[in-house]
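For reference, the structure is listed below as structure tokens.
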Amino acid sequence: MALFSVKMRSSALGSHISGAERIVEEREVPDVCAAMGTRALAHGKGKPDSITVTVTAIDGEVAHIPALPIREAHCADPAEARETVIDALAPLTPHAAEAWELLTGVRDMRGAILFHATTGARLEPDHARGVRVTSMDAATATGERPETHSGKTRVTDALVLASKVAHHPAMLAEVCFSDDPDYTTGYVASREMGYLRVPNMKPVGSEMGGRLFVVDTDDPADLIDYLEHTPVLVGEAK
Ligand code: PML
């Protein structure tokens, strides 16, 4: 069955506000385009003056992978969230605290930081842009979409992305929080720990936000190609 990638990006005065992507069957394309427009107009970061929706047919097979299982941490404030994230990363890198400082210090990066687990060095070729994760969605055709249609679009989107990311053998962990000032829950994820939701990663009203990958590779070209270009559909958690 032919599948289509539907991508949306919105901006105001040339600066990025939000983006989204779905991989869907042909009959779903019109509804998905409409839903993306609605979502772009409702983003807490501001009203866009430009919304672009692109529809492209996907050539060839799309890999199916399972969703990470979801867990919830209990953090009363950003200090507790910091501790939770650093504890989660500590078995994977001796530079866990530096990873947190780096992530909470970046502004307006569209992509993710690639953080070398052993040295703490940044590996992404363009520091301002970072590495974008695209070409993924929840599986639809077999009805196995995780948390489907429950209104939790943001969590579902983040879980799908995190599941694709964690699947690559060079990926040790991901940490993410939204730059939406109204949304303060982030997550830390890996194949071993699953998707751990972390509340209060930042104070309400803060425009901080970003994504960081702790990786175990000296040559990230294959990893970057996978993250940016390999189409993946994510099914139920195993
Ligand atoms: C984003 O919207 O950019 C990141 C969303 C993180 C969602 C965390 C959660 O609520 O599970």
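Things to note:
- With the alpha-carbon atoms of the range 3-60 aligned to their principal axes, the span from lowest to highest coordinate is 36, 18, 13 Å, starting with the largest.
- Listed residues ALA34, ALA139, ALA73, most fluctuating in the chain (Gaussian network, C-alpha, under 10 Å): ALA34
- Taking 1.306 mPa s as the viscosity and 10 °C as the temperature, the Stokes-Einstein diffusion coefficient of the range 24-106 based on its alpha-carbon Kirkwood radius rounds to 90 µm²/s.
- Distant alpha-carbon pairs in the range 192-238 (separation over 17 angstrom), percent: 62 percent
- For the chain, lysine pairs separated by 8 or more sequence positions, or belonging to different chains, with Cα-Cα distances below 24 Å total 12.
- Principal axis box of the chain, alpha-carbon based, largest edge first, Å: 48, 36, 34
- Counting only Cβ charges, +1 for Lys and Arg and -1 for Asp and Glu, the dipole size of the chain around its Cα centre is about 540 debye.
- Note: relative contact order over the range 64-234, using C-alpha pairs below 8 Å and six or more positions apart, is 34 percent.
- Per residue, the average separation of C-alpha pairs within less than 8 Å and at least 6 apart gives the range 1-73 a relative contact order of 39 percent.
- Think of the chain as a dipole: +1 on every Lys or Arg Cβ, -1 on every Asp or Glu Cβ, centred on the Cα centre; then among ALA112, PRO78, PRO181, PRO181 lies furthest on the positive end.
- With both residues required to sit in the range 64-234, DSSP beta bridges show an antiparallel share near 60%.
Each reported figure results from applying straightforward, stated rules to the coordinates on display, with no laboratory input. Because the structure is a prediction, the values reported are computed rather than measured. Positions of Cβ are backbone-derived with ideal geometry, glycine not excepted, and every protein chain shown enters the neighbour counts.
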